[in-house]
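The structure under discussion appears below in the form of C-alpha cells.
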Amino acid sequence: MQPGHSVTVGRAPVRRHPQSVRSWGFNYIENVDGKADTGNANADPDLRIVPDRYSKDFPEGAEGVYDVGVPSTRNPQTGNPGPTLWLPMGEKVRFVLSSRDVIHSFWVLPFLMKQDVFPGHNVNAFEVTPNHEGTFRGKCAELCGVDHARMLFNVKVVTPDRYQQHLKELAAQGQRGFIPAGIDITDPARNAEPRKL
C-alpha cells in the first residue's frame, strides 16, 4: 500500500541555509501545484539517497517544498524551539531519515518511538498515521556533538486541507524543490533497509 505522503528528514544543509548552527530540515515530497508536468522527484539529485522501493511511490509531478530551521526558530503557537514539521491528520506519512554529518536519532515524543539516522550508511524509514491534531515536541535522542541540546523540532498535526495550504505557503515563500537528503551512499547500502514497509 502506498503512503499518502512522503517526507525526508535530516540535518539542514549549509547550501540553502547558511547559518553556522543548523537544525532539522524537512522535504515534503508532494505535487503541490497539482500539475503532473512541473516536477519529478525521482530525478531530483537531492533525493538520490532515498531507496528505490520508496522513491517509486513518489507522486507524479512532485516538485516538492522544504522547510529548515535553526535552534532559535520558535513555533508561533507554543513557543517551543526548533522548526516545525507539518503532518496531515488521518493520512499515512512515510518518513525517510538520513544524516549529512553524524549519527542522530529522530524522536517525536508522542509517537513513542525513535529511529536512528546514520550518515553515509543505511537509510531508515517508518510510517505513521497521525490521529489527532496538535503540536508536539521532537528532538535528537542521540548525543550528536556540541549542538545536540539544540537539535529540537516540533510536529504539527493539522487537517489535510490545512496541510495542503501550508505546502502552498512554503512554495509561495520560495521554498520550492528539495534540500539534499543525506550524503551519497553506495547503491547496495541505499537499498539495504531490511524492513519492508
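Every read-out reported here was derived from the displayed coordinates using simple, explicitly stated rules and does not represent laboratory data. Keep in mind that this is a model prediction, so the values were computed, not measured. Don't worry about glycine lacking a Cβ; one is built from the backbone with ideal geometry, like all the others, and counts go over all protein chains shown.
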> In terms of Cα to Cα distance under 28 Å, which lysines are near enough to LYS114, apart from those fewer than 8 places away along the same chain?
Replying inline: LYS56, LYS92, LYS139, LYS156, LYS196
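Arrange TRP86, TRP24, TRP107 by Cβ neighbour counts within 10 Å, fewest through most, would you?
Working: TRP86 22, TRP24 28, TRP107 19.
Placing the least packed residue first, the sequence is TRP107, TRP86, TRP24.
Can you sort ILE49, ILE29 from fewest to most other Cβ atoms within 10 Å of each residue's own Cβ?
Numbers: ILE49 22, ILE29 29.
If I rank by nearby Cβ atoms, fewest first, I get ILE49, ILE29.
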